[in-house]
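Peer 1: This is the structure, below, for whatever I ask next.
The values are calculated or read from the model by the stated rules, or taken from the named source; none is laboratory data. On a predicted model such as this, the values are computed, not experimentally measured, just so you know. Counting neighbours? That spans all protein chains shown, and the Cβs are built from the backbone with ideal geometry, glycine included.
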Amino acid sequence: MNELNELNELNELLKPVWGAEKWIFEGWSKITVHEKAIITARMNELFKNGLPFELKQDKLFYIYTFSLLAQLEVLAIQVPLKFENKMTSPAFKRSMRVQLLDEIFHGLVFTKIVYLLCSPYSQPPAYNHEVEELCNFIRHEDCPKVGIVLLNLIGEGWIEEIFKSLYQQGVAPLVFGAIIEDESRHVSEANLYRTIGIPSKLVVKEKLAYLEKQLIAIFSQYKYTASVSSLLGIQGSIDFIQNLDKKYQEQLKKIDLVPSEKWQSFLDVTTEVLPRVQAYADHVHEIEMTPSREIFMTQWDNPRDPTMVGEFDLNISCLDFFNKKHPPETLTTLMLQAISLGLSGNDSFRSFLSHKKLYQSKEAHVAIVVKLPDCGDHIANIVFENCHLLPLPVLAKRIRDVIQMMVFCYKKREQLEKAHPHLKQIIKNMLYDFNFGSYAYPMHGSSMVTLSNIGACGYARTKSPLRSTESMKFTLLEVERKSVWNKSSHSFELQDILPVSVSADHRIFDGNIAVPKIISRLFNAVFQQMGAHKNQAAPAPSSPSVPHQNELEQILHYNTALDKILPHNLEIGYKMLLSLQSLWPDFLGIEGFFNKHMVDNTSNISSDFLVTESSGL
């Protein structure tokens, strides 16, 4: 027997333990053999056919979602463990005992699901530090009155709202149906408060401030938000946030409290962003793969290098490029519009892959790659929707304006890092998860086609890599003037030739499509369109260090809005800047979001302040 005990001790030292097990064991060690048999029978029944639900989306979404739920749900075991002996009524004692068995069962269910999903790798994603910190904060609460409030808010409140939302969206209905049914027979909040008492409002308010901060930090982690929102859908996510807030306010009202400004600020940002994402998602639909596409899916994973590369020459003599008849940005802007026009007229060009499913956007999304001025080697993308519908001068000015906004985000992010050095750890954690984590990062595919111009660098040929979320990329190279044979006149002519490289994901695009002819026709079409708008002269480009007055006003709007958001949600504001310095989805109306959060008295701020803010950033 001693040898067996020593072997068990050695196994505990050698074998990795995920984290949920020790909290489940804390409850398991307090119940009888008969009660263990009841739980075992329920587990056997639920898992008699293996995983008790169908995977309708990428397994990765389920892994992150259920690993989060398992970590949070084991916290609920603390309610009956801490308060069973404090129940004076025999009926309440019996209910609390039933609740203990249920919560142990729920913890076992979620943890077993995580292990089944992670098979054959066995070990789930790393136990999340922020989640465990939140749970330990509640577990270690000494005051029973405060403890029951916090446990009810999280264990019987917010987590329960996630269960209901997933159940309503048809995610693991057998699992969540059983758990929601269990919750209905537990000791009510009113009975708990009546038996144990309600704590001081001032004490609870201070605890809630910390609690909300931790929950917001969890909700803002991409791997969890992307996974849960993918299973819920955008509308399901909006409903969840609204229901969560409603329930939270109702629970706090019982103890005469209201949510903090930090929580309200988080909700304001979320409820503003999600409808904008939904507007985009409404224009994207899944399409069935052809047999060829299904075969291709078995041959290639998300491309780190393009699986198809093509090069062709485009005649741009109409621009009279070397005599500089047009502003220097004209070529790139025309190509941007030509590609957008091509996407709008060819359904297959708007297809993209995301987590092994094929989707298609109704709108044409094209991203231009830009190097932000005075931002080191930082490269960014500006994504436009149907930009072929805009007059070229308007589009050219819009690109310049957005670059100024992205420079602001870059500089503001640098300022925050200097003032709050711990923020840099957010990037390190994200990069670690992405590059070294046990499981892939749940990055969604993108409907955008990217355009990059490196002609000024003198390149004549290139093979441009694809990001794992990209499906097609165009790269413009150095324009050359050379003699070209004219088949009609049977003579050589001097022409301005633009070499173009196309990188594509062969799982989506057919290499037999005559892209060179299509782009040539479309380029001439948008050039003619530019001529029709020739009277709409583009405003003169502004210096990177001295933006125009309207750009200064917009920067001020951004700065003012951030000054309202950052004191309450520093990490969320920082992540927003991180995102917008690199990827600007222009069609989501970012300015509208910031303008909504700016203060009303900006008109009282002097122009001197505008210049100082924009140049000092």
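Yes/no matrix, rows are residues, columns are (1) within 25 Å of Glu385 (Cβ to Cβ); (2) assigned by TED's automatic domain parsing to the domain that holds Thr462; (3) out of contact with any His (no Cβ under 6 Å at 6 or more places or on another chain); (4) without any contact (Cβ under 8 Å) to a residue 60 or more places away in the chain:
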{"position": "Lys262", "(1), (2), (3), (4)": "no, no, no, no"}
{"position": "Val273", "(1), (2), (3), (4)": "yes, no, yes, no"}
{"position": "Asp313", "(1), (2), (3), (4)": "no, yes, yes, no"}
{"position": "Lys325", "(1), (2), (3), (4)": "no, yes, yes, yes"}
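Peer 1: Can we say Glu156 is acidic (Asp, Glu) and either under 23 Å from Gln242 (Cα atoms) or modelled with pLDDT of 90 or more (or both)?
Peer 2: Working: acidic (Asp, Glu): yes; either under 23 Å from Gln242 (Cα atoms) or modelled with pLDDT of 90 or more (or both): yes.
Criteria met by Glu156.
Peer 1: Also: Looking at region 88-130, which of its residues are more than 19 Å from Phe47 (Cα to Cα), of a type in the set (A, V, I, L, M, F, W, C) and surrounded by 14 or more Cβ atoms within 10 Å (Cβ to Cβ)?
Peer 2: Phe92, Met96, Val98, Leu100, Ala126, listed by residue number.
Peer 1: Among the residues of region 178-232 satisfying the criterion of being of a type in the set (Lys, Arg) and farther than 27 Å from Glu261 by Cα, which is surrounded by the fewest Cβ atoms within 10 Å (Cβ to Cβ)?
Peer 2: Checking each candidate, the answer is Arg185.
Peer 1: Filtering region 80-104 down to residues that are part of a helix (DSSP H, G or I) and of a type in the set (S, T, N, Q), which residue is nearest to Leu231 (Cα to Cα)?
Peer 2: Of everything passing the filter in region 80-104, Gln99 is nearest to Leu231 (Cα to Cα).
Peer 1: While we're looking at this one, here's another question. Exactly one of these conditions fails for Leu498: (1) within 25 Å of Asn386 (Cβ to Cβ); (2) part of a loop (DSSP other than H, G, I, E, B). Give me its number.
Peer 2: The failed condition is (2).
Peer 1: Follow-up. Checking the condition in contact with a helix residue (DSSP H, G or I) (Cβ under 8 Å, 6 or more places away or on another chain), more than 20 Å from Gln251 (Cα to Cα) and β-branched (Val, Ile, Thr), which residue from Val187, Val146, Val171 passes? Working first, answer last.
Peer 2: Details: Val187 fails: more than 20 Å from Gln251 (Cα to Cα); Val146 fails: more than 20 Å from Gln251 (Cα to Cα).
Result of the check over Val187, Val146, Val171: Val171.
Peer 1: Pick from region 22-48 the residues that are of a type in the set (Lys, Arg) and closer than 15 Å to Leu100 by Cβ: which of them is nearest to the chain's Cα centre (by Cα)?
Peer 2: My answer is Arg42.
Peer 1: Mind checking which residues of region 478-518 are over 33 Å from the mean Cα position of the chain (by Cα) and of a type in the set (A, V, I, L, M, F, W, C)?
Peer 2: Within region 478-518, Val479, Val484, Trp485, Phe492, Leu494, Ile497, Leu498, Ile513, Ala514, Ile518 qualify.
Peer 1: Given the conditions (1) in contact with a His (Cβ under 6 Å, 6 or more places away or on another chain); (2) farther than 30 Å from Cys143 by Cβ; (3) not small (Gly, Ala, Ser), which single one is not true for Phe66?
Peer 2: In the conditions (1) in contact with a His (Cβ under 6 Å, 6 or more places away or on another chain); (2) farther than 30 Å from Cys143 by Cβ; (3) not small (Gly, Ala, Ser), Phe66 misses (1) alone.
Peer 1: Scanning region 348-377 for residues that are in a helix (DSSP H, G or I) and in contact with a Leu (Cβ under 7 Å, 6 or more places away or on another chain), which turns out modelled with the highest pLDDT?
Peer 2: Among residues in region 348-377 that are in a helix (DSSP H, G or I) and in contact with a Leu (Cβ under 7 Å, 6 or more places away or on another chain), the one modelled with the highest pLDDT is Arg350.
Peer 1: Using the structure shown, decide if Ala380 is over 26 Å from Asn559 (Cβ atoms), in the same structural domain as Ser582 (by TED's automatic domain parsing), at pLDDT 95 or above and not polar (S, T, N, Q).
Peer 2: Answer is no for this residue.
Peer 1: Which is at pLDDT 90 or above, in contact with a Gly (Cβ under 6 Å, 6 or more places away or on another chain) and not in a loop (DSSP other than H, G, I, E, B), of Ile113, Ile77?
Peer 2: So the residue among Ile113, Ile77 that is at pLDDT 90 or above, in contact with a Gly (Cβ under 6 Å, 6 or more places away or on another chain) and not in a loop (DSSP other than H, G, I, E, B) is Ile77.
Peer 1: Another question, if that's okay. If I filter region 385-396 for residues that are under 21 Å from the mean Cα position of the chain (by Cα) and in contact (Cβ under 8 Å) with a residue 24 or more places away in the chain, do I get at least one hit?
Peer 2: yes
Peer 1: What pairs come out if I take residues in region 445-462 that are outside the structural domain of Lys362 (by TED's automatic domain parsing) and pair them with residues that are among the acidic types (Asp, Glu) and surrounded by 21 or more Cβ atoms within 10 Å (Cβ to Cβ) whose C-beta lies under 6 Å away, six or more apart or interchain?
Peer 2: Qualifying pairs under 6 Å: none.
Peer 1: While we're here: Test Lys48 against the stated conditions and say whether it is basic (Lys, Arg) and part of a loop (DSSP other than H, G, I, E, B). Steps first, please.
Peer 2: Values: basic (Lys, Arg): yes; part of a loop (DSSP other than H, G, I, E, B): yes.
So Lys48 passes the test.
Peer 1: Still on this structure, please answer the following. Quick check, is Lys371 under 21 Å from the mean Cα position of the chain (by Cα) and surrounded by fewer than 17 Cβ atoms within 10 Å (Cβ to Cβ)?
Peer 2: On the way: under 21 Å from the mean Cα position of the chain (by Cα): no; surrounded by fewer than 17 Cβ atoms within 10 Å (Cβ to Cβ): yes.
When the stated conditions are applied, Lys371 does not pass them.
Peer 1: Can you find a residue that is assigned to a loop (DSSP other than H, G, I, E, B) and either touching a residue at least 40 places away in the same chain (Cβ under 8 Å) or buried (at least 19 other Cβ atoms within 10 Å of the Cβ) (or both) anywhere in region 145-153?
Peer 2: no
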